1. Checking the conditions here, which among A:Arg72, A:Arg88 is part of a loop (DSSP other than H, G, I, E, B) and modelled with pLDDT of 95 or more?
2. Test each condition in (1) outside any helix (DSSP H, G or I); (2) crowded, with 16+ Cβ neighbours inside 10 Å for B:Ser174 and report the one that comes out false.
3. Condition first: part of a helix (DSSP H, G or I) and buried (at least 19 other Cβ atoms within 10 Å of the Cβ). Now tell me which residues in region B:41-59 satisfy that.
4. Name the residue, out of A:Gln94, A:Gln86, that is out of contact with any Gly (no Cβ under 6 Å at 6 or more places or on another chain) and open to solvent by less than 30 Å² (accessible area, probe 1.4 Å).
5. Say whether the condition of being out of contact with any helix residue (DSSP H, G or I) (no Cβ under 9 Å at 6 or more places or on another chain) and more than 8 Å from chain A (Cβ to nearest Cβ) is met by at least one residue in region B:123-132.
6. Does B:Val77 satisfy being part of a helix (DSSP H, G or I), crowded, with 18+ Cβ neighbours inside 10 Å and β-branched (Val, Ile, Thr)?
7. Working carefully through the options B:Ala185, B:Ala193, B:Ala97, find the one that is more than 25 Å from B:Ile20 (Cα to Cα) and not in a helix (DSSP H, G or I).
8. Of all strands (runs of 3 or more DSSP E) completely enclosed by region A:144-223, which ones contain at least 1 residues that are at pLDDT 90 or above, surrounded by 22 or more Cβ atoms within 10 Å (Cβ to Cβ) and among the hydroxyl-bearing types (Ser, Thr, Tyr)?
Amino acid sequence: MGRRVFFGMVALGAAGVVFGSTVQSRVGRALGPGLADVLPGGNLFQIYSVSDTFPAISQHAYRLSVSGLVERPATFTFADLEAMPQVRLVRTFQCVTGWRVPDVHWEGVRLSHLLETVGLRPGSVALAFDSYDRVDTESLTLEQAHLSDVIVATRMLGGPITTEHGGPVRLYVAPMFGYKSLKWLSAIRVVDAVEPGYWEQYGYPVNGWLEGSTSTTLAPGSA
Amino acid sequence: MRLVRFDRVQRAVHWASAGIFAVLVLTGLPLYFPAVERIVGRHVLIATIHVWAGIAWPVPVVVSLVGPWGARMRRDVRRFNRWTRGELEWLWRLGAADLEKGKFNPGQKLNAVFVGGAIAVFLATGVVMEWFGAFPVSWRTGATFVHEVLAYLIVAVVIGHVLVALTHRDALRSMVRGWVTVNWAQRHAPRWAREELRAERTEASGAPVPRGAGSIDD
């Protein structure tokens, strides 16, 4: 009997691993917001802070510097970014460890637009991203950076990006796992070689493509 | 007069497992709740502690079961596995049924088996979440889901376990000092008390103890 309970739990756990993602998305839809914020299966973001605390920056004080192998190094304010052409995306946010949040709304300016604004110099190969948390870093190849669904996001979930979600401005790399979407974006440096980012130094793939991702400008894996 | 309910090995296993569980809960809180993560931060350090505490969790139980020091441990695990019809009935009626209890009441048995099963499931799903590269994304999502649901369940069960322990001081003392009074045993675990006393009498009389006799009460 005890053995039966034990192996029953193990079997139930295994079934949960294999079919849990289907159950979870149904539970999440059934619960809706509110309850879903605390209960498992409620499609909630898990918040990672790799430094001591969340860097709190106001929209007013926010600056994004773009430097390195560019024609016209620049520093953009929040208002500068908002004045640029905006794109909207609605995608499932998928963490490499498994958790995910369906139908997340994003708005911001295409990274490719920012790169056009500053102008790339010959020899530029990749981008390195820094965060206001002074710990997290990320990288993209230039080809990846030019995908139409890679944006510098200024709005998320239908409002300004909150501090815990990496606001006021963060990267959103839609065709890749969540860790590529660096929070509290402070600087973009155009460099001549890929510099693996923070999570990549812990063994996460540098090219963190989602399985079956469908990016519009380039086929995954061509970068 | 006193009877040994838990020997040194069993008490060490219980408190080591409890200590590791406390570490898992404390490190799990920031990994799960944004409000706690905001205060604690240092995600990688916390996650690393959580993972290694999780790997250590089954070690005390497994080590206690395999060696010559584990006779009592093994005997009690066999007790967890054996259920009489009366015990199932008692559990079904939430204790409102006559039952001559053995060393553990059916609730205690279920608690022990549940915690054992939970450790196995936490370990397996945790491995999928940490070494995710080997598993499809839908499995990682499923593993995360199971890990979270089970975390809620086990915290509820352990809170109940602690509350019951605090209101049953004799039982709690047996997990601290190891012994219970014969009086307590006769009241709360009569079948076990009879078994123990018979074994003692047989030993005292010098008569050869038949193999297996007196080793199990249920």
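The values are calculated or read from the model by the stated rules, or taken from the named source; none is laboratory data. Note that the structure is predicted; figures quoted are calculated from it, not measured. Backbone-built Cβ (ideal geometry, glycine too); neighbour counts: all protein chains shown. In case anyone asks, the SASA skips ligands and DNA or RNA and just uses the protein heavy atoms, side chains included. Shrake-Rupley method; radii C 1.70, N 1.55, O 1.52, S 1.80 Å.
1. Numbers: A:Arg88 fails: part of a loop (DSSP other than H, G, I, E, B).
Matching residue, one of A:Arg72, A:Arg88: A:Arg72.
2. All conditions are met except number (1).
3. Let us first name the residues in region B:41-59 that are part of a helix (DSSP H, G or I), namely B:43-56, B:59.
Hits for region B:41-59 are B:His43, B:Ile46, B:Ala47, B:His50, B:Ala53, B:Gly54.
4. Answer to the check: A:Gln94.
5. yes
6. Working: part of a helix (DSSP H, G or I): yes; crowded, with 18+ Cβ neighbours inside 10 Å: yes; β-branched (Val, Ile, Thr): yes.
In short, yes.
7. That would be B:Ala97, the only listed residue that is more than 25 Å from B:Ile20 (Cα to Cα) and not in a helix (DSSP H, G or I).
8. Working: elements: A:150-156, A:170-173, A:185-191.
In region A:144-223, A:150-156, A:170-173 are the strands (runs of 3 or more DSSP E) which contain 1 or more residues that are at pLDDT 90 or above, surrounded by 22 or more Cβ atoms within 10 Å (Cβ to Cβ) and among the hydroxyl-bearing types (Ser, Thr, Tyr).
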